[in-house]
Number of protein chains: 2
Amino acid sequence: MPDSRNSSLSTARDHDCGLTPQLRESAFMKACRREKTPYTPVWLMRQAGRYQAEFREIRSKVGLLELCKTPELAAQVTVHAVNQLEVDAAIIFADILLPLDAFGNGLDYVKGEGPVIARPVRTAADIDKLPRLDAREAFSYVLEAIRITRRELPANVPLIGFAGAPFTMASYLIEGGSSRNYENTKTLMYCQSESWHKLLSHIVDLSVDYLNAQADAGAQALQIFDSWVGALSVDDYMDYVFPHAKRLIAGLTPGVPVIHFGTGTACLLEAMRDAGGDVIGVDWRMNMKEARRRLGNEVAIQGNLDPVALLADRETIRRKAEGILRDMVGDPGHIFNLGHGVLPPTSVDNAKFLVDLVHRFSSGNSDTSGGGDT
Amino acid sequence: MPDSRNSSLSTARDHDCGLTPQLRESAFMKACRREKTPYTPVWLMRQAGRYQAEFREIRSKVGLLELCKTPELAAQVTVHAVNQLEVDAAIIFADILLPLDAFGNGLDYVKGEGPVIARPVRTAADIDKLPRLDAREAFSYVLEAIRITRRELPANVPLIGFAGAPFTMASYLIEGGSSRNYENTKTLMYCQSESWHKLLSHIVDLSVDYLNAQADAGAQALQIFDSWVGALSVDDYMDYVFPHAKRLIAGLTPGVPVIHFGTGTACLLEAMRDAGGDVIGVDWRMNMKEARRRLGNEVAIQGNLDPVALLADRETIRRKAEGILRDMVGDPGHIFNLGHGVLPPTSVDNAKFLVDLVHRFSSGNSDTSGGGDT
């Protein structure tokens with residue numbers, strides 16, 4: 001078992017070598033460091049996905065897991081999204097649930113149902129049985145995809161690696177899939193808190209190594225997806241999640257910016273900031289000015305257009321995107337993004353329209369009328 | 001078509017006649033008026049439901065719609081919950097989606113899937129086709145259930161009537177059931193805003209008459225369930241929902257307290273208060289002290305135990321319930337409740353334990369150790 005602190009030290013060196021001046025001075029990396037940028041950098045969560053014809057074409061031939069496990073294909077869809085949308089950062093195509101596959105819990109994606117975990121974890125014994133994995137072996141295919149992607153991406157486009165955060169990962173592992181009420185997750189958390197903490201520690205151990213390995217392989221930034229943490233009260237977050245989120249982020253390679261993201265986190269904002277991250281990701285429910293007021297000036301903020309806005313007409317997209325940009329005018333630490341992932345019915349043209357609009361509007365050229373509305 | 005203001009005036013008279021001194025001085029009604037109470041009143045959303053053996057017994061013989069439409073049965077389950085739990089208020093057994101059945105959209109409850117609306121509303125033409133209903137005719141069975149319940153309830157237990165709020169009702173009508181992202185709802189809201197406002201106006205017209213008829217029939221308070229409004233940003237709430245919620249609440253019989261409830265509303269709290277309501281209902285995500293700080297002192301607050309806590313052990317229930325009560329010590333406008341409805345796997349004993357604990361702890365008798373933990 002490698003010592004995670006040792007591996008962090010070695011990755012810090014490796015990584016610094018990979019951060020070219022061009023990448024370091026990119027708008028995205030500057031915004032992560034809260035430095036002034038010539039325009040607001042923008043990328044979209046799930047920017048490579050089913051809304052793209054090219055992606056659907058590939059997915060008609062391979063399953064989602066197979067796509068993740070075929071580095072050339074994962075790199076191809078990652079790079080394609082950047083080229084198609086002209087966004088300011090790439091995010092490696094992978095899935096936050098890959099560790100559940102690696103643990104041997106039987107991860108599958110069932111059409112119309114989302115992820116299903118055949119053997120969920122419900123007891124202390126289940127938790128004790130989770131194998132200790134070497135992240136570099138277990139996720140060698142993701143690391144290879146990152147190496148290929150880094151070679152194929154434009155030299156000025158940073159690549160983001162990512163992993164699920166401990167609460168969100170545990171919720172899938174315990175519920176066996178998506179959930180509305182997190183009944184099993186919270187019951188285990190409340191009634192078997194020792195087992196809960198053991199489970200989250202186990203997830204954190206693996207995630208630290210996995211994320212640092214991604215940085216080593218060529219990722220310039222790391223995003224932690226705590227997509228469902230908004231189901232918790234702040235008291236529960238502090239008691240059951242905060243120490244783990246904090247240890248995870250503290251274990252990551254120094255110098256690699258970390259984006260700490262969740263949805264529905266209006267009650268958790270300060271707690272998530274205190275757990276760590278150079279950038280805090282917020283969803284559309286939160287007004288950006290209010291998020292800045294509450295977060296203070298020591299972090300950058302990523303967000304926060306409602307993904308459903310991209311299903312609407314261009315006037316709606318324009319009105320909402322410009323509203324966000326106006327709220328963040330003069331704020332050097334803003335990375336524009338959706339509040340959650342691109343939805344499958346989104347039109348690629350609308351996504352491109354948004355990216356172009358963010359660039360034009362934020363660089364002072366506010367003529368975003370573009371072509372005719374669709 | 002009856003004029004809603006005229007019917008409000010007549011209901012105000014009718015209703016005042018029904019509010020006996022005993023009901024007026026009950027802990028629940030006093031808390032609604034932010035008057036000091038000898039103990040914190042408590043009731044539980046969905047306190048009549050599948051977690052009760054007696055309810056499951058009835059439901060094994062009749063469907064949910066049939067149960068709602070059989071006033072004697074609806075009254076029976078309503079009264080049974082009060083007697084079993086010894087809560088401080090009854091809520092009439094009904095469903096927020098009954099108007100969708102009355103509109104003729106084909107409401108059904110599909111096992112494991114929740115409500116399914118066979119003919120959802122998606123276009124301006126669909127909205128124009130929605131019939132104008134006379135609430136007293138369309139929901140005569142609910143009104144009859146209220147009359148029976150009022151006769152059978154203990155004379156000091158107030159009865160709550162309710163309806164879905166415009167956004168939540170529209171979301172079911174447009175999506176055709178439950179939803180994660182409200183894609184159709186928001187797209188219609190953004191792209192066909194005239195139709196959206198027409199739809200919400202239509203829902204409000206019916207809801208005002210429906211709720212006032214419930215007060216007439218014998219309900220001492222009214223709750224408006226905007227269960228899913230937390231999916232909206234505050235800007236969207238103000239543009240697309242606020243005027244309708246405000247008109248709905250303004251149209252209700254004066255003197256009948258209104259509880260305005262939603263989940264995930266941390267960003268909407270002040271806006272919902274401004275839309276109206278004597279009591280604002282909040283879920284577990286929100287700290288109660290923080291809710292009081294933000295809401296000010298002109299409203300009462302209802303909430304906010306996580307319903308999942310009732311699936312845990314008694315030590316968890318005690319710790320969390322006492323935490324809420326401590327936060328609200330000395331606050332005269334607190335009605336204890338869950339943050340959302342009782343979950344089906346809840347044990348009746350745990351629910352009774354909670355109610356008893358709230359009463360004992362808040363009346364100064366803090367020996368809530370009760371019997372042995374289960």
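What follows is calculated from the coordinates using simple rules that are stated; it is not laboratory data. Computed from a predicted structure; not experimentally measured. Backbone-built Cβ (ideal geometry, glycine too); neighbour counts: all protein chains shown.
How high is the relative contact order of the stretch A:258-330? Use alpha-carbon pairs under 8 Å, at least six apart in sequence, and give a whole percent.
28 percent
Under the rule of at least 5 residues apart or a separate chain, name every residue whose amide H is placed under 5 Å from the amide H of B:Gln223.
For B:Gln223, whose amide H was placed from the backbone, the distant partners under 5 Å are B:Gly161, B:Phe162, B:Ala163, B:Ile259.
Which of A:Ser193, B:Ser227 has the fewest other C-beta atoms within 10 Å, and how do the rest follow up to the most?
A:Ser193, B:Ser227
Restricting to the protein assembly as shown, compute how many DSSP beta bridges are antiparallel as a %, nearest 5.
Roughly 15 percent of the DSSP beta bridges within the protein assembly as shown come out antiparallel.
Can you give the translational diffusion coefficient of chain B in µm²/s, computed by Stokes-Einstein from the Kirkwood radius over Cα pairs at 25 °C and 0.890 mPa s?
Diffusion coefficient, whole number: 118 µm²/s.
Could you grab the relative contact order for the stretch B:4-362? Cα pairs under 8 Å, six or more apart, rounded to a whole percent.
Averaging sequence separation for qualifying contacts and normalising by length gives 22 percent for the stretch B:4-362.
Where does chain B land at 222 nm, in deg cm²/dmol rounded to the nearest 500, when only DSSP H runs of n ≥ 4 count, each adding -39500 (n - 2.57), divided by all residues?
Rounded to the nearest 500, it is -14000 deg cm²/dmol.
Considering only B:Asn337, B:Asn105, B:Asn304, give the residue with the highest GNM mean-square fluctuation for chain B, with springs between Cα atoms whenever their separation is below 10 Å.
Highest fluctuation of the listed residues: B:Asn105.
Work out from phi, with θ = phi - 60° and the Karplus expression 6.51 cos²θ - 1.76 cosθ + 1.60, the ³J(HN,Hα) of each residue of the stretch A:180-192, listed in order in whole Hz, and give x for Gly and Pro.
9, 10, 6, 4, 5, 4, 6, 5, 4, 4, 6, 9, 10
Within the stretch B:277-291, list the residues whose amide N lies under 18 Å from a label point set 7 Å along Cα→Cβ of B:Leu19.
Inside the label zone: B:277-280.
Just checking the output field for B:305-311: average partner chain Cβ neighbours within 10 Å of each residue's Cβ?
5
Please compute, for peptide A:230-237, the average count of beta-carbon atoms on other protein chains lying within 10 Å of each residue's beta-carbon.
5
Output ³J(HN,Hα) for the stretch B:210-226: one whole-Hz value per residue in order, computed from phi by the Karplus curve 6.51 cos²θ - 1.76 cosθ + 1.60 with θ = phi - 60°, and x for Gly and Pro.
Per residue, the Karplus-derived 3J(HN,Hα) values read 5, 5, 5, 5, 5, 5, 3, 6, x, 8, 8, 8, 9, 10, 10, 8, 9 Hz.
Among A:Thr20, A:Thr78, A:Thr40, whose mean-square fluctuation peaks in a Gaussian network model of chain A (Cα, cutoff 10 Å)?
A:Thr20
Between rounded, prolate and oblate, where does the stretch B:24-72 land on the alpha carbon gyration tensor, with a ≥ b ≥ c its root eigenvalues, rounded for a/c under 1.5, else prolate if a/b exceeds b/c?
Judged from the Cα gyration tensor, the stretch B:24-72 comes out prolate (a/c at least 1.5, a/b above b/c).
For the pair A:Asp134 and A:Lys61, what calculated FRET efficiency results from E = 1/(1 + (r/R0)^6), where r is the Cβ-Cβ distance and R0 = 22 Å, to the nearest 0.05?
Calculated value: 0.10.
Kindly provide the Kirkwood hydrodynamic radius of the stretch A:270-374 in Å, to one decimal, from all pairs of distinct alpha carbon atoms.
For the stretch A:270-374, the Kirkwood estimate is 14.2 Å.
Write down the radius of gyration of the stretch A:153-283 and its Dmax, each obtained from C-alpha positions, in Å.
14.6, 51
Need one number: % antiparallel among DSSP beta bridges in the stretch A:4-362, to the nearest 5.
15 percent
Across the Cα atoms of the protein assembly as shown, what radius of gyration and what greatest pairwise Cα-Cα distance (Dmax) are found, in Å?
Cα only, the protein assembly as shown: 26.7, 81 Å (Rg, Dmax).
Kindly provide the Kirkwood hydrodynamic radius of the stretch A:195-254 in Å, to one decimal, from all pairs of distinct alpha carbon atoms.
This gives a value of 12.4 Å.
Of A:Cys32, A:Cys267, A:Cys191, which is the most mobile in a GNM of chain A whose springs link Cα atoms less than 10 angstrom apart?
Evaluated over chain A, the most mobile residue of the options is A:Cys191.
Using only Cα atoms, locate the centre of the stretch A:289-326 and the centre of the stretch B:52-89, then give the distance between them in Å, rounded to an integer.
Comparing the Cα centres of the stretch A:289-326 and the stretch B:52-89, I get a distance of 46 Å.
Semi-axes of the equivalent ellipsoid for the stretch B:82-189, please: Cα gyration tensor eigenvalues, times 5, square-rooted, ordered largest first, whole Å.
31, 16, 12
Across the stretch A:131-146, in residue order, what do the Karplus-derived ³J(HN,Hα) couplings come to in whole Hz, using 6.51 cos²θ - 1.76 cosθ + 1.60 with θ = phi - 60° and x for Gly and Pro?
Ordered by residue, 3J(HN,Hα) equals x, 7, 10, 8, 4, 5, 7, 4, 10, 4, 5, 5, 5, 5, 4, 5 Hz.
Mind checking which of B:Gly176, B:Thr253, B:Val110 is farthest towards the positive end of the stretch B:4-362's charge dipole, using Cβ charges of +1 (Lys, Arg) and -1 (Asp, Glu) about the Cα centre?
About the Cα centre, the residue reaching furthest to the positive side is B:Thr253.
Please sort A:54-62, B:228-236 by packing, taking for each peptide the average over its residues of neighbouring beta carbons within 10 angstrom, highest first.
B:228-236, A:54-62
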